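First comes the structure, then the notes that go with it.
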Amino acid sequence: MLEQLLVFTRGGLILWACREISKALQGSPIDALIRSCLLEERSGAVSYNYDVPGASYTLKWTFHNELGLVFVAVYQRILHLLYVDDLLAMVKKEFAGIYDPKRTEYDEFEAIFQQLRMEAEARAEEMKKSAVQVGAKVGGRKLELVGKGRSDQGGKRGGSSGDGGDGELGKGRSFENGHVNGGVREEKGSVDGKKELVTQNGAFDVNKLQQKIRSKGGKKTDTVTTKGSKAEPKKKMVKKNRVWDDSPPEVKLDFTDPVDEKGDDNVKFVAVDEGESMMDKEEIVSSDSEVDEDEQVEGDGNGETKKKGWFSSMFQSIAGKANLEKADLEPALKALKDRLMTKNVAEEIAEKLCESVAASLEGKKLASFTRVSSTVQAAMEEALVRILTPNRSIDILRGVHAAKEQGKPYVIVFIGVNGVGKSTNLAKVAYWLLQHKVSVMMAACDTFRSGAVEQLRTHARRLQIPIFEKGYEKDPAVVAKEAIQEAARNGSDVVLVDTAGRMQDNEPLMRALSKLINLNDPDLVLFVGEALVGNDAVDQLTKFNQKLADLSTSQRPRLIDGILLTKFDTIDDKVGAALSMVYISGAPVMFVGCGQSYTDLKKLNVKSIVKTLLK
Amino acid sequence: MDEIEQWKAKIQELVDPFQQQIQQKIQNIPDIQLYTAVAIIFVTLILSVIVRLSKKKKSNTIILAGLSGSGKTVLFYQLQDGSSHQGTVTSMEPNEGTFVLHSELNKKVKIRPVHIVDLPGHSRLRPKLDDYLPQSAGLVFVVDALEFLSTCRAAAEYLYDILTKATVVKKKVPVLILCNKTEKVTAHSKEFIRKQLEKEIDKLRASRTAISDADISSEYTLGVPGQPFQFSQCTNKVTVGEASGLTGEISQVEQFIREHVKS
């Protein structure tokens, strides 16, 4: 049964809510929907799931862009209502008929809504009945699964795996992200999970089959527990050297000079002073080139739509009466998507962005004297500015001061894949903090890579800051914990923790990282990503976030809080990686590394990035 | 190109006789009259420009800003219609309206309508503030008095950003810090809120001005360096008030609006 159906304006005023349903919604699903989905430019997605202790809802929505209205339907996730999309479309049509900008009460809509709902339910019933007969639709099968008790196990297993196949085909468009997950798969997971405990060993291994289905959906129920049990015995074994091929294990190579660790008092380095860090310099964005840009853009847009209906589009652009349809937006959006992809934006992200912009423009009236391409361009620009604007404070100094008041050091952990520039940029951040009279301490928790500790030691000597190190082959989580205790003891304000680079698919290393973060609860988890990365950025960030969430033991897992974009000087104008990373993780870009010396650290200039992306 | 030249030639032909006539007529007018005519036109132009500059048209725009969930949209509809209707959700776009305040509708005197802009509080939509600030006559910063302690830092940062914007400082835009949701029992008092905000802004001042003079975000420093920050040190007028959007107790807001939008 539908929990709630709301109609509200884009400005926030609720125009109509279904009066019949007296039960209030738990939590605030509508606000969560707006904040994490619609304002994050994910409005092209199919549905949104909202979980709160005591209830789990799924929300579906539709826009009426011309009048600036939003229609949202909320229902319990376990009930799989098929008629919701249908109902929303009908409600949109009817409401648009009676809408008046001056009015704020629409009580008579109640009757119309009841009628529409009954019609939609009836249609869904019919479809279900025909599905039962034909036996090919997903919905019917599911009702059978829920309704029937423990009957022929083999048949049901076949049914459930068949459902899995259908479900995946059907939900092929929705993307696999923690947020927007096909409600089908989750529901199946819970239903099958219960059945699984009951079923005995069948002809084929049900566990493996269901695990495969579930793992594709990214659900963490049984897979993690089984993997966890596998990992337990592994942990008890002593850490072995990594063997790359069949060569015999080598003798331990540790060239650390034992004298060096004590002897660095003799070598006094003068503290490095390379001037002001670029973080504090204002970036002058040239605006005089905007005019040329617009003309260039017009030229491109013109080229696209030249042959097809030139006269009609000219007429429309002057008269400005046409309602934008999906077909009209297609070519302009495709051109924009291609342009974004040439700027190194991940393909998936560009696709989703275009869908979101299409959802927000459909049905809108073209203003007079504007072309479709310029409207689409303006909407895309606004969307990009919205995504890249940080949604939480990126003022680290404020956080440092707050932690100082509480008497604890402010802990920043640098994570990322191999070779992105964690150690280099850690030194740059330390330099910047030093310029603001903050006392910094480094913690060398990269105990794997040869030379990592020495590298940090050199930086520490040049910057004249203390460094906490325990050499190689130690547990990084423990090293970090001790480093933080040491910092609290000697009164350092900030602790910068360097970790080893790791691939996002490497399960044991991700587990170790998760352990480090859980054990130490840092104030800022900074993901270091290079600007040269292409489509892999999406994979890296999703897997990192997923592993941090899954393998966390606490109630509220720590996810990536910020992004540090490196090697920005090596890309000329292919700045798309910034957009991909911010979109996929929701975390703001806190620093941008643009060179290899201490001063090459700046803030992200949103306007200039958007301009470069759309050039 | 040839076509254009042809057109030019044709136009020249048409205009030529008129040109000659006008030249003759001008030559006929005595010099003094010509000069006086030009002088009069010149003087009139200068006078009109002076008059337009001196008569500064006072804007009638009031901005409602604040964190998400502080009650701005409810306040907007209270001012416009006298009730908050069926409730609100997080705004995605600004609400704008030019109207006479609902409580003043029954007055017989002709009152100038006020243009009120309710800006979304969500951090991703903050840049919209810069679009409306130049034409504003006053800003109401709405603070949630109920959830104040958990949102104090974010509110103080937003308020600090507003108070240090160039437009606000140069045009001395008056700010009313409105403590909303005071009908609830556990809401904090406005004195407490004022003191907390002053303390937070003081800390922000210390951390932001430690940065060298070219800080991107804040363009001006607040208050007197060396002394703890107080709202009375701002060059523009900053006052604190209380209100309750849901019950309609918005008299202090209306007073602020009437004070700064003169009819």
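The values are calculated or read from the model by the stated rules, or taken from the named source; none is laboratory data. This structure is a prediction, so every number in the text was calculated from the model and none was measured. With ideal geometry, Cβ positions are generated from the backbone for all residues, glycine too; neighbour counts draw on all protein chains shown.
Only one residue in B:V15, B:V89 is surrounded by 10 or more Cβ atoms within 10 Å (Cβ to Cβ) and modelled with pLDDT of 80 or more, so which one is that? Spell out the reasoning first.
Numbers: B:V15 fails: modelled with pLDDT of 80 or more.
Going through B:V15, B:V89 in turn, the sole match is B:V89.
Looking at segment B:84-98 only, could you name the residues that are within 11 Å of chain A (Cβ to nearest Cβ) and either under 17 Å from B:I62 (Cα atoms) or not in a loop (DSSP other than H, G, I, E, B) (or both)? So that I can check it myself, show each step before the final result.
Applying the first criterion (within 11 Å of chain A (Cβ to nearest Cβ)) to segment B:84-98 yields B:84-97.
Listed by number, the residues that qualify are B:T88, B:E93, B:P94, B:N95, B:E96, B:G97.
Can you tell which of A:V52, A:V72, A:V46 is without any contact (Cβ under 8 Å) to a residue 60 or more places away in the chain and closer than 29 Å to A:P588 by Cβ? I'd like the intermediate steps shown before the answer.
On the way: A:V72 fails: without any contact (Cβ under 8 Å) to a residue 60 or more places away in the chain; A:V46 fails: without any contact (Cβ under 8 Å) to a residue 60 or more places away in the chain.
Among A:V52, A:V72, A:V46, only A:V52 is without any contact (Cβ under 8 Å) to a residue 60 or more places away in the chain and closer than 29 Å to A:P588 by Cβ.
For the condition under 22 Å from B:P225 (Cβ atoms), away from every other protein chain (no Cβ under 13 Å) and part of a helix (DSSP H, G or I), what is the one hit in B:K170, B:K199, B:K203? Quick ask: steps written out before the conclusion?
On the way: B:K199 fails: away from every other protein chain (no Cβ under 13 Å); B:K203 fails: away from every other protein chain (no Cβ under 13 Å).
Only one candidate qualifies: B:K170.
Determine whether segment A:399-414 contains at least one residue that is over 21 Å from A:Q464 (Cβ atoms) and crowded, with 24+ Cβ neighbours inside 10 Å.
Within segment A:399-414 (the criterion being over 21 Å from A:Q464 (Cβ atoms) and crowded, with 24+ Cβ neighbours inside 10 Å), the answer is yes, since at least one residue qualifies.
Considering segment A:315-370 alone, what residues qualify as being within 27 Å of A:F71 (Cβ to Cβ), assigned to a loop (DSSP other than H, G, I, E, B) and either modelled with pLDDT of 85 or more or of a type in the set (G, A, S) (or both)?
A:G320, A:A322, A:G363, A:A367
For segment A:107-118, check the following and say yes or no: at least one residue is surrounded by fewer than 20 Cβ atoms within 10 Å (Cβ to Cβ), of a type in the set (K, R), within 14 Å of chain B (Cβ to nearest Cβ) and farther than 30 Å from A:L384 by Cβ.
No, there is no match, as no residue in segment A:107-118 is surrounded by fewer than 20 Cβ atoms within 10 Å (Cβ to Cβ), of a type in the set (K, R), within 14 Å of chain B (Cβ to nearest Cβ) and farther than 30 Å from A:L384 by Cβ.
May I ask you to list the residues in segment B:58-83 that are away from chain A (no Cβ under 12 Å), farther than 22 Å from B:H188 by Cβ and either touching a Cys at 6+ places or on another chain (Cβ under 7 Å) or among the small types (G, A, S) (or both)?
Across segment B:58-83, the qualifying residue is only B:S59.
When segment A:8-55 is examined, which residues are found to be within 13 Å of chain B (Cβ to nearest Cβ) and over 28 Å from the mean Cα position of the chain (by Cα)?
Hits for segment A:8-55 are A:L13, A:I14, A:L15, A:W16, A:A17, A:C18, A:R19, A:A24.
Could you please give the count of residues in segment A:391-425 that are touching a Ser or Thr at 6+ places or on another chain (Cβ under 6 Å) and within 14 Å of another protein chain (Cβ to nearest Cβ)?
4
Specify which of the listed residues (A:G593, A:G576) is over 19 Å from the mean Cα position of the chain (by Cα), modelled with pLDDT of 85 or more and under 19 Å from A:G421 (Cβ atoms). Explain how you work it out, then say what you get.
Details: A:G576 fails: over 19 Å from the mean Cα position of the chain (by Cα).
Answer to the selection: A:G593.
Within 20 Å of A:L39 (Cβ to Cβ), of a type outside the set (S, T, Y), surrounded by fewer than 18 Cβ atoms within 10 Å (Cβ to Cβ) and within 14 Å of chain B (Cβ to nearest Cβ), is that true of A:E382? Steps first, answer last, please.
On the way: within 20 Å of A:L39 (Cβ to Cβ): yes; of a type outside the set (S, T, Y): yes; surrounded by fewer than 18 Cβ atoms within 10 Å (Cβ to Cβ): yes; within 14 Å of chain B (Cβ to nearest Cβ): yes.
Against the criterion (within 20 Å of A:L39 (Cβ to Cβ), of a type outside the set (S, T, Y), surrounded by fewer than 18 Cβ atoms within 10 Å (Cβ to Cβ) and within 14 Å of chain B (Cβ to nearest Cβ)), A:E382 qualifies.
Residue check, A:S450 against (1) surrounded by fewer than 20 Cβ atoms within 10 Å (Cβ to Cβ); (2) of a type in the set (G, A, S); (3) in contact (Cβ under 8 Å) with a residue 12 or more places away in the chain; (4) in contact with a helix residue (DSSP H, G or I) (Cβ under 7 Å, 6 or more places away or on another chain), all met but one. Which one?
(4)
Count, please, the residues in segment A:64-73 that happen to be within 12 Å of chain B (Cβ to nearest Cβ) and either within 22 Å of A:M1 (Cα to Cα) or of a type in the set (D, E, K, R) (or both). Spell out how you get there, then give the answer.
Within segment A:64-73, the subset within 12 Å of chain B (Cβ to nearest Cβ) is A:65, A:68-70, A:72.
Add one more test, that the residue is either within 22 Å of A:M1 (Cα to Cα) or of a type in the set (D, E, K, R) (or both), and what stays is A:70, A:72.
Result for segment A:64-73: 2.
Considering each of A:D550, A:D493, A:D521, A:D561 in turn, give the residue that is charged (D, E, K, R), touching a Lys or Arg at 6+ places or on another chain (Cβ under 6 Å) and within 19 Å of A:G399 (Cβ to Cβ). If you could, list the steps in order and put the result at the bottom.
Details: A:D550 fails: within 19 Å of A:G399 (Cβ to Cβ); A:D521 fails: touching a Lys or Arg at 6+ places or on another chain (Cβ under 6 Å); A:D561 fails: touching a Lys or Arg at 6+ places or on another chain (Cβ under 6 Å).
Of the residues listed, the single one that is charged (D, E, K, R), touching a Lys or Arg at 6+ places or on another chain (Cβ under 6 Å) and within 19 Å of A:G399 (Cβ to Cβ) is A:D493.
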